[in-house]
Amino acid sequence: MNKLVVLVIVLIFTTIGCRNKKEILYYFEQSNPVIIKLGRKHNKIFRVNIPVGLTVSNKSISKKSFITIDYKYSPYKKGIGEDIYKYSDGKSIKIKNNEEKIISSYSSNKYIIYSRYRLDSTKVTQDQFKPYIEKMLSENKDTLHIGTVTEFKQKHKVLFEKLTKNDSISIQFLDGKKLGERITVPVEW
């Protein structure tokens, strides 16, 4: 009888222990706008910022922490960093990407990551943005919100796929004061 009790206890702790060590990254649909930037000197769009929603879940009994959310551009040269926002109660608050982020046990944090893509100055690329450029010049703006990711994907499908193909997001959790496991997932739009 004692062996059966010990076996049941071991199975319970093994199941709980294995299940609780997982940190999970998954995407959520968000409605933040795609943003374009105009270079005044040549009147060309030089950058597009595309948002993606990421949920980081902690399925363990202890709190988890990490420092940065790394948006990995493929190839690397097409991107120029990212802006990170913590998403809570329908609001996005900009946070520093190089500060510790803590996730309580059995909870999740939501983030909006704005990837920043360099755009080439070729006629094919710039012609797609001609109506936006005209609007920005007439309104004396250097930044313009041009709709949601879904709308951008529909209007500029080839460009969107060229920019975002094979990109990923990576988080390296802390193990005490040391760097621990790195989790990398492909970006899903």
For segment 25-85, the fraction of alpha-carbon pairs in successive 5 Å shells from zero, as %: 4, 12, 18, 20, 18, 11, 7, 4, 2, 1, 1, 0
Distance from a point 7 Å along Cα→Cβ of Ile95 to each backbone N in segment 150-189: keep the residues under 17 Å and list them by number. 169-175, 183
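Given R₀ = 30 Å, FRET efficiency for Lys135-Ser168 by Cβ-Cβ distance, to 0.05? Walk me through the numbers before you get to the answer.
Details: r = 33 Å, r/R0 = 1.11.
Plugging the Cβ-Cβ distance into 1/(1 + (r/R0)^6) gives 0.35.
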Could you give me D for segment 23-186, from Stokes-Einstein at 20 °C and 1.002 mPa s, where the hydrodynamic radius is the Kirkwood radius over C-alpha pairs? Units µm² s⁻¹, please. 125 µm²/s
Report the label-to-label distance for Thr184 and Gln128 in nanometres (one decimal), using points 7 Å from each Cα along the Cα→Cβ vector. 2.6 nm
Give me the three principal axis extents of segment 114-189 from the C-alpha atoms, as integers in angstrom, largest value leading. 54, 26, 22
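Please get the size of the charge dipole for segment 43-189, origin at its Cα centre, with Cβ charges of +1 on Lys and Arg and -1 on Asp and Glu, quoted in debye to the nearest 20.
Working: 28 positive and 17 negative charges, 32 e Å.
Charge dipole, segment 43-189, about its Cα centre: 160 debye, nearest 20.
Read-outs throughout are calculated quantities, based only on the coordinates presented, and are distinct from any laboratory measurement. If you're wondering where the values come from, they're calculated on a predicted model, not measured in any experiment. Here the Cβ is made from the backbone with ideal geometry for all residues, glycine too, and neighbour counts use every protein chain on show.
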